[in-house]
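*Asks:* Below are the structure tokens for one structure; questions will follow.
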Amino acid sequence: AGAEFVFRLYLEGGFEAVNRAFQNPPQSTEQVLHPDRYLAGDPPRATPPPDVEAALGLGWMRADEGVLGELLTGVHLGAFLPGERAKEAAAGWGGDRYALLKDPGGKDLFVLVTLWDTPGDAAQFFMAYLNLVDAKSLGEWDLVLETDSARHWVGDGISVYLELDGDKTTLAIGPDRDSVDAILGAGGA
């Protein structure tokens with residue numbers, strides 16, 4: 001994708017356009033994967049980090065936070081979905097933030113809030129993630145919540161919550177239902 005990005009810049013303005021990219025580099029993998037968004041100056045949408053520590057109680061610490069971007073969103077989906085389906089579902093990415101927390105016993109909790117270009121893009125990701133869970137869980141996780149806009153699965157040592165809200169999706173993956181419910185109940189995600 002990087003070579004294609006540079007080639008597109010070259011086609012738009014020769015080596016001067018390529019050199020300008022060193023002064024004004026892409027702000028996201030979305031801009032590299034879709035050079036037209038870079039050329040149009042379409043920045044990633046600002047997404048605040050999930051505020052979840054307080055809801056989990058003592059012992060949980062933020063181990064990492066950051067942005068996945070369109071590329072890693074597609075890679076994550078592609079672990080369980082066909083490549084084209086994963087790329088299409090990630091293509092409407094607009095911005096995201098994740099938080100990874102750990103408890104003293106070494107358990108992890110991951111929360112990802114993604115803003116999509118349109119509600120249709122968010123819905124496409126939501127549907128693709130439902131397929132991902134089906135493939136990953138091999139039907140062994142219990143579906144404990146099912147609405148038009150949310151799902152919550154619980155399995156042995158895992159709890160997965162997915163929500164669609166307009167142009168936003170929230171994904172929470174934790175070691176058990178209590179920890180995931182705690183952050184959802186507090187509105188932290």
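The values are calculated or read from the model by the stated rules, or taken from the named source; none is laboratory data. Just so it is clear, the structure is predicted and the values come from calculations on it, not from any experiment. When we count neighbours, we look across all protein chains shown, and the Cβ atoms used for this are built from the backbone with ideal geometry, even at glycine. Just the protein is used for accessible areas: all its heavy atoms, side chains included, with ligands, DNA and RNA removed. Shrake-Rupley method; radii C 1.70, N 1.55, O 1.52, S 1.80 Å.
*Asks:* Just the residues that are open to solvent by 30 Å² or more (accessible area, probe 1.4 Å) and not in a loop (DSSP other than H, G, I, E, B), please, taken from segment 39-74.
*Replies:* Those that are open to solvent by 30 Å² or more (accessible area, probe 1.4 Å) and not in a loop (DSSP other than H, G, I, E, B): LEU39, GLU53, ALA54, ALA55, MET61, ARG62, ALA63, ASP64, GLU65, LEU71, LEU72.
*Asks:* Run down ALA91, ALA1 and say which single residue is buried (at least 18 other Cβ atoms within 10 Å of the Cβ), aliphatic (A, V, I, L, M) and farther than 30 Å from ASP176 by Cα. Walk me through how you get there before you give the answer.
*Replies:* Details: ALA1 fails: buried (at least 18 other Cβ atoms within 10 Å of the Cβ).
Answer to the selection: ALA91.
*Asks:* So is VAL6 open to solvent by 60 Å² or more (accessible area, probe 1.4 Å) and within 30 Å of MET127 (Cβ to Cβ) or not? Reasoning before the result, please.
*Replies:* Details: open to solvent by 60 Å² or more (accessible area, probe 1.4 Å): yes; within 30 Å of MET127 (Cβ to Cβ): no.
So VAL6 does not fit the description; no.
*Asks:* Looking at (1) under 15 Å from the mean Cα position of the chain (by Cα); (2) at pLDDT below 95, find the lone condition where ILE183 falls short.
*Replies:* Here ILE183 clears every test but (1).
*Asks:* Another question, if that's okay. In segment 144-173, what residues are under 18 Å from LEU68 (Cα atoms) and among the small types (Gly, Ala, Ser)?
*Replies:* ALA172
*Asks:* Would you check which residues across segment 80-97 are assigned to a strand (DSSP E or B) and touching a Phe, Trp or Tyr at 6+ places or on another chain (Cβ under 6 Å) and list them?
*Replies:* First, pick out the residues of segment 80-97 that are assigned to a strand (DSSP E or B): 93-97.
Of everything in segment 80-97, just one residue is assigned to a strand (DSSP E or B) and touching a Phe, Trp or Tyr at 6+ places or on another chain (Cβ under 6 Å), namely GLY94.
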